[in-house]
Amino acid sequence: MDKKKSLQYSLVILLIFSSIIFYKKFFSENEKIAEKKINNYYSDKKTKNSNLIETLKYISQDLVGNTYIIKAESAEFVKDKTENVILFKVNAEIIRQDDNIIKINSDEAIYNKRNNDTIFKKTVSIDYGDQLIKSEIVKLNFSKNLIEIIENVHYMNRNTKIYADKVELDLLKKKMKISMVNQNDNIQITGKY
């Protein structure tokens, strides 16, 4: 029986060693290769976009009491201009002191950290009350309290649809000016009267 038990122990030990060798050879190498690929991917991404930031949010308030909140899924600092930040997948809100909220969404934006001026680009939409404005570019100028909306402007509310080249919103006076770049072109208005 001693020979039988010693043979069984030998087989068990051999099985354990072969399992360890098998694991190290096949699974350990695959994990190392996968880990190297992941590390290379992130190191390449860091060297290419060393100034890329994920999930960014700025909040500011003016002297009148209006609050400006701008959020982005990612951001990149402009190399030569430290006050400018390029934002991607942007959501912004202007919360006025009378609790009216202007919401602005775009694919990209250039945000100035010093004065909060923002240029929204690519598929921009502005939602204000029952009004919706879509365009390609929106320039938000806080020093002039002006929102300038240009390129393929589509204004919609419950009763009216307007197609124009340019819309200017005065934030203080709450006035809107709609115009065309070429004075010979007409603004297209459709609506229920």
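Descriptive notes on the structure:
- Cβ-Cβ under 8 Å pairs, at least 6 apart or on other chains, the range 97-113 side touching a residue at least 24 places away in the same chain (Cβ under 8 Å) and part of a strand (DSSP E or B), far side of a type in the set (Gly, Ala, Ser) and surrounded by fewer than 16 Cβ atoms within 10 Å (Cβ to Cβ): 104/125; 106/125
- Being hydrophobic (A, V, I, L, M, F, W, C) and either out of contact with any strand residue (DSSP E or B) (no Cβ under 8 Å at 6 or more places or on another chain) or in contact (Cβ under 8 Å) with a residue 40 or more places away in the chain (or both) is true of residue 94.
Throughout, read-outs are computed from the coordinates displayed, never taken from laboratory work. This one's a predicted model, so the numbers in the text were calculated from it and none came from an experiment. Positions of Cβ are backbone-derived with ideal geometry, glycine not excepted, and every protein chain shown enters the neighbour counts.
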